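Just below is one structure, and these are the notes that go with it.
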Amino acid sequence: MATSKNKKDHKKRVQSRNNRIANEKIHAQKIQREFIMNLIKEEQGKGMFENTPSINSPIIDTSIIDSSSIEGPSI
């Protein structure tokens, strides 16, 4: 059974719309990425990232932990 011309045209229009939407998403993500990278560069230029603590060595202040307040499991 042959498909009608309208059905074929509809499939083409749907595919075209889906391609356009996908391209717009890619373009929007690219613009967002560029904006964030520019913002980071500006902040680095201002020296905002120079005094940040290292992620590899966490700083834990153990002086505030009171061992008497820690309760073990009750048996």
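Numbers below:
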item: Members of region 1-49 found to be loosely packed, with under 10 Cβ neighbours inside 10 Å and either touching a Ser or Thr at 6+ places or on another chain (Cβ under 6 Å) or among the hydroxyl-bearing types (Ser, Thr, Tyr) (or both), listed by number; result: Thr3, Ser4
item: Residues of region 16-69 classified as at pLDDT 95 or above and part of a loop (DSSP other than H, G, I, E, B), total; result: 0
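The values are calculated or read from the model by the stated rules, or taken from the named source; none is laboratory data. Given the structure is predicted, the values throughout are model-derived calculations rather than measurements. Reconstructed Cβ throughout: ideal geometry from the backbone, glycine too, with neighbour counts over all protein chains shown.
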